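What follows is one structure encoded as structure tokens, with my remarks underneath.
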Amino acid sequence: MKKKIVSTMLCAAMITTMLAGCGGSDNGGSAPAADNGGATQEAAPAGDSADGGEAAAPAAGGGSVYWLNFKPESDEVLQEVAKDYNAKTGVEVKVVTAASGTYSQTLLSEMDKSAPPTLFIIGNQAGVKDWKDYALDLNGTAIANELNTDAYNLYDETGKLVSIGYCYECYGIIVNPDLIEKAGHTMDEIKNFDGLKAVAEDIHSRAGELGFDAFSSSDMDDSSSWRFTGHMANLEYYYEQEGTPWTDTPATISGKYMDNFKNLYDLCINNSLTDPKELATGGHDAENEFKTGKAAFFVNGSWEYEAVKNEVPNATMIPYYCGVAGEEKAGLNCGTENCWAINSKASAEDQQATMDFMVWCVTDPDASRKLVDTFGVMPYKSAAESTNGFLAAADKYTADGCYVMNWATNFQPNVDSYRATLVSALNQYNADQSDANWEIVRTAFVDGWANEYNATH
């Protein structure tokens with residue numbers, strides 16, 4: 001089997017699946033989920049019920065569940081949920097959490113074992129191509145029937161439902177409205193780039209007087225650079241689609257909206273607590289700067305809500321305003337790479353046990369509450385209601401008729417190498433903001449895309 005998987009998955013080994021912003025919250029907003037800290041963890045088989053009583057009899061058929069988890073920040077909750085399910089049903093649920101940045105490699109290794117995962121993650125179209133033969137068609141299944149939207153599901157070219165969204169996220173610019181008001185402004189002033197620029201530059205010019213600055217630090221070390229080379233880069237990709245969303249990685253991009261990316265990037269680095277020349281080495285805690293009231297704006301995503309809500313209870317999120325025409329109707333960047341797949345090579349008993357467990361996760365009030373609290377939201381009819389204020393902001397933009405910026409950044413080719421080149425170029429620009437150095441950024445952004453695409457195709 002290993003030969004088959006290795007040959008099928010050579011591309012996956014070369015192209016590390018990007019987790020565009022899913023869960024940087026768990027270690028201080030320092031990285032998206034695929035890059036969060038933590039070691040591979042394996043749960044012991046769930047045992048007796050929490051009160052010491054006898055576990056329920058195993059479900060008919062004797063199947064079991066093995067979930068290879070994609071989100072390190074959720075491991076503790078998932079272990080608890082697995083134990084709860086075992087106590088209720090007697091069905092063994094094992095949760096293994098891939099270590100930082102290793103999901104693709106871990107999946108490849110685990111699938112070659114005699115007892116491979118029954119529940120795993122296929123998070124984007126590259127993953128669909130690589131793993132579709134190992135995924136059960138979820139069309140018409142019990143878990144699919146629990147969905148309240150089809151927006152976060154992934155299909156192959158035949159219409160097979162390869163993987164099914166279990167949560168979604170959003171990112172943009174987190175704002176402390178109280179600091180905006182303290183500076184003599186209102187949130188109503190920030191409806192486009194001109195408004196954002198006016199407020200940010202005014203706050204920065206009076207930072208000494210106010211006791212806080214506009215933007216928190218925009219470090220370019222590994223703990224932070226993804227916020228700009230992955231997330232903020234999405235605004236260029238999104239607008240370059242021009243109404244026709246990509247369904248696969250294009251061989252080239254034009255960089256038509258690079259000036260808009262520059263607008264927002266320049267605003268962030270030049271109206272901040274930290275001198276742009278000091279961004280390369282990192283060491284600044286952007287999340288803490290925001291939580292402690294030292295900055296009014298913080299570029300990040302919905303996974304930060306739990307981390308900041310106590311210190312900044314009125315925190316909200318606004319779009320990437322960047323000077324594009326009509327951006328007054330922009331919403332947040334919403335999407336996911338968190339999609340469940342059931343192993344089509346698993347036994348029928350294990351497939352059924354896995355399906356039953358998934359349905360329980362999204363319908364049981366206690367289980368779904370725990371999962372929603374760690375995931376932010378789950379797109380299922382009976383799941384607990386989200387309490388994430390940033391996701392609520394995303395929903396309000398949509399309800400008000402604003403467009404959703406989809407995660408086109410998921411299509412970045414050879415993502416680690418592509419972003420590393422961007423970081424190098426941005427560091428050179430941060431040190432000397434000349435037109436010539438911005439052209440180096442543009443080259444890394446546009447030509448770098450074609451170079452990495454060619455390297456992996």
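The values are calculated or read from the model by the stated rules, or taken from the named source; none is laboratory data. Here the structure is a predicted model, which means the values were calculated and not measured. So basically every Cβ, Gly included, is an ideal-geometry build from the backbone, and we count neighbours across all protein chains shown.
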Task: Glu289 vs. criteria among the acidic types (Asp, Glu), part of a helix (DSSP H, G or I) and surrounded by 23 or more Cβ atoms within 10 Å (Cβ to Cβ) - done: no
Task: Matching residues in the range 313-330 - criterion: being in contact (Cβ under 8 Å) with a residue 40 or more places away in the chain and over 24 Å from Leu235 (Cβ atoms) - done: Asn314
Open item on the list: Residues to consider are Glu157, Glu146; find the one that is charged (D, E, K, R), touching a strand residue (DSSP E or B) at 6+ places or on another chain (Cβ under 6 Å) and surrounded by fewer than 21 Cβ atoms within 10 Å (Cβ to Cβ).
Closed with: Glu146
Task: Residue in the range 318-327 that is surrounded by fewer than 18 Cβ atoms within 10 Å (Cβ to Cβ), more than 22 Å from Glu110 (Cβ to Cβ), at pLDDT 95 or above and within 20 Å of the chain's Cα centre (by Cα) present - done: no
Open item on the list: Take Ala200 and tell me if it is part of a strand (DSSP E or B) and in the same structural domain as Glu304 (by TED's automatic domain parsing).
Closed with: no
Task: Residues satisfying the stated conditions in the range 312-343, i.e. part of a loop (DSSP other than H, G, I, E, B) and in contact with a Pro (Cβ under 6 Å, 6 or more places away or on another chain) - done: Asn314
- [ ] Kindly indicate the residue of the range 238-248 that is hydroxyl-bearing (Ser, Thr, Tyr) and surrounded by fewer than 23 Cβ atoms within 10 Å (Cβ to Cβ) and also farthest from Leu422 (Cα to Cα) among those meeting that condition.
- [x] Thr244
Task: Enumerated helices (runs of 4 or more DSSP H) restricted to the range 78-186, each holding at least 2 residues that are modelled with pLDDT under 95 and more than 22 Å from Ser368 (Cα to Cα) - done: 103-111, 125-131
Task: Only listed residue being under 26 Å from Ala233 (Cα atoms) and not assigned by TED's automatic domain parsing to the domain that holds Arg227, chosen from Asn388, Asn427, Asn406 - done: Asn388
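To keep it simple, each residue is scored yes or no on (1) within 25 Å of the chain's Cα centre (by Cα); (2) touching a residue at least 40 places away in the same chain (Cβ under 8 Å); (3) more than 30 Å from Glu236 (Cα to Cα); (4) surrounded by fewer than 18 Cβ atoms within 10 Å (Cβ to Cβ).
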| site | (1), (2), (3), (4) |
| --- | --- |
| Ser114 | no, no, yes, yes |
| Lys132 | yes, no, no, no |
| Leu136 | yes, yes, yes, no |
| Ser163 | yes, yes, no, no |
| Glu181 | no, no, yes, yes |
| Asn192 | yes, yes, no, no |
Open item on the list: Checking the conditions here, which among Ala99, Ala126 is surrounded by fewer than 18 Cβ atoms within 10 Å (Cβ to Cβ) and either over 21 Å from the mean Cα position of the chain (by Cα) or in contact (Cβ under 8 Å) with a residue 12 or more places away in the chain (or both)?
Closed with: Ala99
